[in-house]
1. For segment 1-61 and segment 242-272, compute the distance between their C-alpha centroids and round to whole Å.
2. Angle between the Cα long axis of helix 398-409 and the longest principal axis of the chain, 0 to 90 degrees, nearest 10?
3. Which semi-axis lengths, in whole Å and largest first, follow from the square roots of five times the eigenvalues of the Cα gyration tensor of the chain?
4. What are the ³J(HN,Hα) values, in whole Hz, obtained from phi via the Karplus relation 6.51 cos²θ - 1.76 cosθ + 1.60 with θ = phi - 60°, for each residue of segment 148-163 in sequence order, with x given for Gly and Pro?
5. What's the magnitude of the charge dipole for segment 230-313 around its Cα centre, counting Lys and Arg as +1 and Asp and Glu as -1 at the beta-carbon? Answer in Debye, nearest 20.
6. Against the 2.2 N^0.38 Å scaling, with N counting residues, where does segment 334-441 land? I'd like the Cα-based Rg ratio to two decimal places.
7. Quick one: Cα centre-to-centre distance for segment 62-81 and segment 172-227, in angstrom?
8. Relative contact order for segment 292-441: what is it in percent, counting Cα pairs under 8 Å that are at least 6 residues apart?
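The values are calculated or read from the model by the stated rules, or taken from the named source; none is laboratory data. Values in this document were obtained by computation on a predicted structure and should not be read as measured data. Cβ atoms come from the backbone with ideal geometry, glycine included; neighbour counts cover every protein chain shown. Accessible surface areas use protein heavy atoms only, side chains included; no ligands, DNA or RNA. Shrake-Rupley method; radii C 1.70, N 1.55, O 1.52, S 1.80 Å.
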Amino acid sequence: MNAAAPIRPLRGPLVGTVHVRGDKSISHRAVLMAAMAQGTSVLSGVLDSDDVRASMRAAACLGARVALAVQPDASLAGTIEGFGDAGPKEPASPIDCGNSGTTARLLLGIAAGVGIRVSLTGDESLRRRPMRRVSDPLERMGARIDLQDGSVLPAVVHPTLSLHGIDFESRIASAQVKTAVLLAGLNAAGTTRVREPFPSRNHTELMFPRFGVDVLDDGCGVSVTGPVVPRACALRVPGDPSSAAFLACAAALVPGSSVCIEGVSLNPGRTGFARVLASMGAAVEQSRFDDGEGEPAGAVRVSYAGPLHACEVPACSIATLIDEIPVLALVAAQARGTTVFRGVAELRVKESDRIAGIVDGLALLGVRAWSEGDDLYVEGRGGAASPSAVVLDARGDHRFAMTWAVAGMTGMAPVAVRGLGSVSVSYPGFFEDMRALEHPL
Ligand code: S3P
């Protein structure tokens, strides 16, 4: 089961058009807000992945009726009848959030002020991830939450009904933290406001009005005023830019490639990877259309345009590409010069310690990468391939499974990857999409 799977190098450039599957962040929010809403929401384009399934199971445990079915394009579509005005029911047993940090953190916010006892747990990786970043502000709002060892899952949310709004200044730019506090704010009396050092992804703010919730973004912070019960709506989830990034990065690396990814979220809070690829010398075009769904969406085309060069990614851009840093580091490894990603401390507390994973994995590929303080440096080797075969470990982290697969497919070295199965956490169609674009010479 844990054997390393050899990765077959591409037989030619990546050429063509592809639709990646639904956005994971937006899918979580659509499922969980539909569960909270009064009435029956109609959802389509929902990502069918392990993480989103964890949110669907959680929604059902809290009393929502989840009827999403797999469609011919492998997305999930159907209805969710929310618990709405009646409030959630107390789950009989702990809710298992699997590997999904978004599920766990958003649920803490949803369960905080609704008068029921909710226990949350997760897999080994999730049980190591910090939860006080969410429980601290929720407790300031009046919630009572016990965490294992005061900081991690399992968590118990105790019944409380009297949350009050707070003005919360987060130390980190985290959409999970912001969303958890705003979701709790729906059940709190008065205004809940969240401020961040840099803007994090704004899917929650864009989705609230769709569910009839007024949200105010005054440029310095986002606020909601409760109590308010979301109202059911119809919503289509656009494609996932974080999935698109793997195809885009591979196209930027392989001569002759030109890949168009259609129907993808072009939310600027998510497309930092495309800006970095452009600044490293890839050809990047975005064609945006407004599909009336609240989220900017459209197509992004990335083409090989010659050897890549290093760049500096400032701390203020990190939130726009936080999940793409492993694969961007791989691109940087093939560029000329030293790329620096500033202010990436958050990578240490993702599904794995991603700074350690990047440094160790690139070392096996013959590339020097290191951290200094909160910055990550990658000394590119300018496109040379390493002849010796390497076994790279995904460390149970889906982003590494795909990053190391891209290393093997783009011919950086003969690569085998241990733990490829974790791809199903966010991008079950990854290999299918890559192979569909492969254009044998
Ligand atoms: C997510 C936000 C980001 C991201 C994660 C999904 C979300 O995490 O890394 O994969 O859906 O809100 P943080 O909020 O911790 O930065």
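1. First find each Cα centre; the distance between them is then 17 Å.
2. The angle comes out near 20 degrees.
3. Each semi-axis is the square root of five times an eigenvalue, giving 37, 22, 20 Å.
4. 4, 6, x, 8, 10, 6, x, 10, 10, 9, 8, x, 9, 10, 10, 6
5. Approximately 60 debye in magnitude.
6. Cα-based Rg divided by the globular estimate yields 1.09.
7. 26
8. Normalised by residue count, the contact order of segment 292-441 is 20 percent.
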